[in-house]
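Some notes on the structure that comes next.
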């Protein structure tokens with residue numbers, strides 16, 4: 001990354017940077033660490049998930065990997081990352097199993113939900 005690519009280069013302390021391949025490949029993020037402040041990247045899914053996890057994370061002493069942050073899962077209150085004192089492989093597999101990808105609704109399911117919503121509104 002060079003200075004002209006990002007205006008926040010000199011002041012940013014985010015451990016995961018959309019412009020830095022090394023940080024994305026090997027980096028980890030703790031919920032008490034900075035998130036990329038560049039406006040150009042606010043719509044990146046994993047940065048949006050960082051913001052959700054920042055609000056809902058139960059512990060700041062547990063970290064998240066890019067694989068976890070890229071996961072399109074439901075981010076509930078009390079979500080936790082991985083323990084830095086334990087082996088990552090097993091923990092990551094378990095975390096991914098416990099946080100499945102959101103699935104798309106079929107057209108039938110959407111219609112059913114729409115009808116239910118319409119009747120509840122009365």
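We did not get these values from a lab; they are worked out from the coordinates using the rules stated. If you're wondering where the values come from, they're calculated on a predicted model, not measured in any experiment. Cβ: placed from backbone, ideal geometry, glycine included. Neighbour counts: every protein chain shown.
Observations, loosely collected:
- Residue 31 meets all of the listed conditions (1) in a loop (DSSP other than H, G, I, E, B); (2) in contact with a strand residue (DSSP E or B) (Cβ under 6 Å, 6 or more places away or on another chain); (3) under 19 Å from residue 102 (Cα atoms) but one, namely (3).
- Note on the range 39-59: residues that are closer than 20 Å to residue 17 by Cβ and surrounded by 12 or more Cβ atoms within 10 Å (Cβ to Cβ) total 13.
- Any hit, the range 62-73, residues being free of Cβ contacts under 8 Å to residues at least 24 places away in the same chain and either buried (at least 18 other Cβ atoms within 10 Å of the Cβ) or under 18 Å from residue 96 (Cβ atoms) (or both): no
- Residue count for the range 79-96, restricted to those that are assigned to a loop (DSSP other than H, G, I, E, B) and either surrounded by 10 or more Cβ atoms within 10 Å (Cβ to Cβ) or in contact with a strand residue (DSSP E or B) (Cβ under 8 Å, 6 or more places away or on another chain) (or both): 4
- Selection count, the range 34-57, where residues are farther than 21 Å from residue 84 by Cβ, touching a residue at least 24 places away in the same chain (Cβ under 8 Å) and not in a helix (DSSP H, G or I): 4
- Qualifying positions in the range 97-116 - in contact (Cβ under 8 Å) with a residue 12 or more places away in the chain and loosely packed, with under 11 Cβ neighbours inside 10 Å: 101, 102
- Restricting the range 26-36 to residues that are farther than 15 Å from residue 62 by Cα and under 15 Å from the mean Cα position of the chain (by Cα), the residue that is surrounded by the most Cβ atoms within 10 Å (Cβ to Cβ) is 36.
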